[in-house]
Structure formats: structure tokens, C-alpha cells
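Presented below is the structure to which this report refers.
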Amino acid sequence: MSKFNTAASETGDPLLFTPGPLTTSASVKQAMLHDYGSRDNYFIDLNAKVLKRLVAIVGGEASHVAVPLQGSGTFVVEAMMGCFVPPKGKVLLCVNGAYGKRIAKICDYYGRSYDVQESAEDQPIDTAVLEKTLAADEEITHVAVVHTETTSGIENPLVEIASIVEEHGRGLLIDSMSAFGAMPVDAKEIRFDALCASSNKCLEGAPGMGFCIARQEAIEKTEGNSPSLSLDLYDQWRAMERNKQWRFTPPTHVLLAFDQALNEFEEEGGVAGRGKRYQENCKTLVDGMRALGFQTLLPDSLQAPNIVTFHMPSNPLFDFEVFYEKLRLLGYVIYPGKLTVADSFRMGCIGRLDQTHMRDAVAAVAHVLGELGMQGRAE
């Protein structure tokens, strides 16, 4: 290990090549070093400003509202499903990974009726099948889809899915956790009832807050649907409309960090600027890892610029646990795979990382392969 310098973020922490939590800037961390009461005018104004900025990211100022919620991304996805799918509704779940399957589990807990259109983890949602399913089943009231599946890094054809759902007069629910802020969603071009994301991921804030951007006409119809008090998005929205305050103790420090993260997001050029950096990160990482002999699960045409899945090398000298730990000691934290179709591991391209970090990570991988006796090659 002495031959290789240990990597670190601006604050001396290991670099997180993961889908979240992520490496954040020193200024985002610094923003959390203050205490505000939830009823302070400063905090109330900041909260309103953050919600307004989130709606602006999708161009929904005239038609959509943003509703925040304490907790991780899954909290707000669960809230979306419980709120927007009524007790007598039926949702079609477009599934090609673990996070789509998690939505099915939420529906099981809440007793919501659903069907599943499942694709392989390395295949996008089949829009022709979606078209036939909606045409054949008039009981389906909503369609839920994961924008980019963090299981594999695959991008689903959101624009085409939205067009089909709108054509059939159904409501579209989007889990955009790993895409929002780096991959465009234009509320003027695609019709959706609700879209969920979180304060970390591509917006590079601290974890601890989710949010739902909802078409106002759609959320107005959700009163009484939620089977949960704390996850009732309608009630949260109405409360904020009345007094601009959260119903229950808000994550004040997370909001302070998020406001600063949104400043940095806008300074980078918004979705276009953030997406460009991530795309460059992804290409640099993929090119470098392929040069070492690693194979990607996905072809470039299906790869979203958030996280890349690599097949495990077949070389018997490769031990993932040892590989992971040696990389961690060098300052690079990666993720194990979550696939059922293949043994794999994942490396993220998002957070406060750039192409230099990607090249350094590839060099660290080569170094570790050498320590494993593999001559710096994955074969």
C-alpha cells in the first residue's frame, strides 16, 4: 500500500463511489453548522425557497408543487404510492431491478392492487408490452416506473413511457432517485402525477429528506388516501400551504445543506451542467475499467451516468471482499452488486467527483489487482 497515495475528499474522508450517500462538498457540510428553530422566519423562508427551486428544475412553476418529507428516498416513494394510488385503484409496476420490486413490497404492505410488468435487469422497460397491457386492462389507474434503476445503472425510456400512459389516461408515478438533477425531466413535455427524489444523490446534499414533485390537480385528489399519518403527502402539502411549516420536526440541518447544494447545482449549470460532469465521469470510468479487462453489464446505449455495474472477474485470484477492503483502505468506497442475473459490483459516478477522481480510482483498481497477483488485469 505504501506505493499508492490514499485518496480523500475535501474534508479528508474516503471518496464514495456509491449510489448514495455520496461525497459532498466542504461548503455543503459547512452549511450544517448552525441551529435554527423550525418556526424561525429564516428557516421558514429557506424552506419555501428550496421547494420553489425544486419545482423550477422540472419547469413546473405553473402546474406543480413540491412536498418535502423526512427520511430516506424510500420513505417518500412509499408516501407517493400510499397517497396517489387510492385504496380502490390499481397500479401497473414497471420493474427491472430491486427498486421496482421494493415498490411492489410497499403495495403489499398497503394492500394496494397491482400488476407487474417485469423486464430483465439488463433490459429497459418494454414500451410495446406497456401499450398492450394498458389497452387490455381498464382497471389500471396508475403506472409506476423507476427512472434509472440503481440495481444496474440502466436508464428506462421515461419519455416514451409517459406518452403511452398519458395516451391511455392513466396517472404516472416516477421514482427518479438516482436521476433527478442530472437527467432532464420537463413537466411541460411529459405528464406525471408525481415524481420522487431526495436531498442527496444527484443534487449532492446531505441525506435525510425526500421530496415529491406533484401535479397540483393530481395531489388535490389524494385527500384521505394515505394509510399513514407521517407519510401523508396531501396533509403535509396542505399544512405547508396554510402556515409554511412542516407538520413534525423538520431536518433543519439537512435543509441548510440542501439550500447550499442547490446553490452549487445552479452554479454548475443546473441539469445540463451536472449531467455533463456525470456523463464525463461515467465515460472515463468505463473506458478505464474496460482497459483493465473489466466487462460492463450494460452497453453504452442503455447506461445512465449515475452508477456502473461491472461483472466479477472469473480469475480465481479475485476475491471481492479483499478487493473491496483494499480499495477502501486506499480511500475508494465502492458497492457490491445487487443483480440476480450475474455476480457483479458497482461503482458510482455521482457526488462531488470529477474525471480526475475517476482516473485515480481506475489506477487504484489496477494497483489492487496487482496486489491480488493478477498483474493489474481483470482477466
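Remark: Leu229 falls outside the filter, which requires a residue to be within 20 Å of Phe180 (Cβ to Cβ) and either at pLDDT 95 or above or not assigned by TED's automatic domain parsing to the domain that holds Thr141 (or both). Considering segment 23-57, and only residues there that are polar (S, T, N, Q) and buried (at least 18 other Cβ atoms within 10 Å of the Cβ), the residue that is farthest from Gln245 (Cα to Cα) turns out to be Thr23.
Checking each residue in segment 166-206 for being assigned to a helix (DSSP H, G or I) and under 12 Å from the mean Cα position of the chain (by Cα) picks out Lys201, Cys202, Leu203.
Looking at Pro299, Pro305, just one residue is surrounded by fewer than 14 Cβ atoms within 10 Å (Cβ to Cβ) and of a type outside the set (Gly, Ala, Ser), and that residue is Pro299. From the list Ala162, Ala128, Ala120, the one residue that fits, being free of Cβ contacts under 8 Å to residues at least 60 places away in the same chain, over 23 Å from Gly205 (Cβ atoms), surrounded by fewer than 19 Cβ atoms within 10 Å (Cβ to Cβ) and of a type in the set (Gly, Ala, Ser), is Ala128. When restricted to residues that are under 19 Å from the mean Cα position of the chain (by Cα) and among the β-branched types (Val, Ile, Thr), segment 286-310 contains 3. One residue stands out among those in segment 23-42 that are hydrophobic (A, V, I, L, M, F, W, C) and either at pLDDT below 95 or assigned to a helix (DSSP H, G or I) (or both): the one that is farthest from Ser9 (Cα to Cα), which is Val28. When segment 77-91 is examined, which residues are found to be touching a residue at least 60 places away in the same chain (Cβ under 8 Å) and not aromatic (Phe, Trp, Tyr)? Answer for segment 77-91, where residues must be touching a residue at least 60 places away in the same chain (Cβ under 8 Å) and not aromatic (Phe, Trp, Tyr): Val77, Glu78, Ala79, Met80, Met81, Gly82, Cys83, Val85, Pro86, Pro87, Val91. Quick check: is even one residue across segment 277-288 in contact with a Ser or Thr (Cβ under 8 Å, 6 or more places away or on another chain) and either farther than 26 Å from Lys29 by Cα or assigned to a helix (DSSP H, G or I) (or both)? For segment 277-288, residues in contact with a Ser or Thr (Cβ under 8 Å, 6 or more places away or on another chain) and either farther than 26 Å from Lys29 by Cα or assigned to a helix (DSSP H, G or I) (or both): present. Filtering segment 69-100 to residues that are outside any helix (DSSP H, G or I), in contact with a Cys (Cβ under 9 Å, 6 or more places away or on another chain) and β-branched (Val, Ile, Thr) leaves Val85, Val91. Residues that are closer than 23 Å to Ile307 by Cβ and of a type in the set (Val, Ile, Thr) were ranked within segment 79-117; the one that is surrounded by the most Cβ atoms within 10 Å (Cβ to Cβ) is Ile103. Against the test of being within 22 Å of Lys283 (Cβ to Cβ), surrounded by fewer than 19 Cβ atoms within 10 Å (Cβ to Cβ) and either among the polar types (S, T, N, Q) or in contact (Cβ under 8 Å) with a residue 24 or more places away in the chain (or both), the options Gln355, Gln375 yield a single qualifying residue, Gln355.
Of the residues making up segment 250-267, one or more are under 21 Å from the mean Cα position of the chain (by Cα) and in a loop (DSSP other than H, G, I, E, B).
The values are calculated or read from the model by the stated rules, or taken from the named source; none is laboratory data. These numbers were taken from a predicted model, which means no experiment stands behind them. Note that we place each Cβ from the backbone using ideal geometry, even for glycine, and neighbour counts take in every protein chain shown.
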